[in-house]
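Visitor: Quick one: the structure is below, and I'll ask about it shortly.
Nothing in this text is a laboratory measurement; each read-out follows from the coordinates by a stated rule. On a predicted model such as this, the values are computed, not experimentally measured, just so you know. No Cβ is skipped: glycine too gets one built from the backbone with ideal geometry, and neighbour counts run over all protein chains shown.
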Amino acid sequence: ARPGEPPPRPFAEVIKDAKEIKGYFTLWQKDERTWLEIRNDQLEQPFFFAYSLASGLGERFFLPGLMGSEQVALFKRAGNSVQLIAKNLRVRAPAGTPLET
C-alpha cells in the first residue's frame, strides 16, 4: 500500500452475503460483482486459461460464445495487487544460459 492509504478490507468482509461458486478457483458473486478467491498455495502455480466472448457484435469475428486464445498462466502477488501473467511457451532459451531465467 502507498503511504497514507488505508489497508485493504478483510476478504471475509468484502464477500459478505455473496454467493460461493466452487471450482478450481472459488468465485464469489453478489449483484453485478464477482471476486476470485486465490489461495496462497495457488499463487505462482501454472494453470490452463481460456476465455470466450459472452456477447458480441455478430460480425468481424466478434461472435457470441467465440473462444479466444488459450494460455498457460499464473497469478503473482505484487504488493496488495495480484497479477495474471501469461507464460510464453513459444520461445525457449537453451538450458543453462542466462536467457533461460
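Visitor: Can you sort Leu36, Leu74 by how many other beta carbons sit within 10 Å, fewest first?
Guide: Values: Leu36 12, Leu74 17.
Neighbour counts put them in this order, fewest first: Leu36, Leu74.
Visitor: Can you pull the one-decimal nm distance between simple spin-label points at Thr26 and Gln45, each 7 Å off the Cα toward Cβ?
Guide: Placing both labels 7 Å along Cα→Cβ, they lie 1.4 nm apart.
Visitor: What nm distance separates the two modelled labels at Val72 and Arg90, each placed 7 Å from Cα along Cα→Cβ?
Guide: Distance between the two pseudo-spin positions: 1.5 nm.
Visitor: Rank these for me by crowding, Ile21, Ile85, going from fewest to most other beta carbons within 10 Å.
Guide: Ile21, Ile85
Visitor: How would you order 88-97, 39-48 from highest to lowest mean count of nearby Cβ atoms within 10 Å?
Guide: With the highest mean Cβ count within 10 Å placed first, the list reads 39-48, 88-97.
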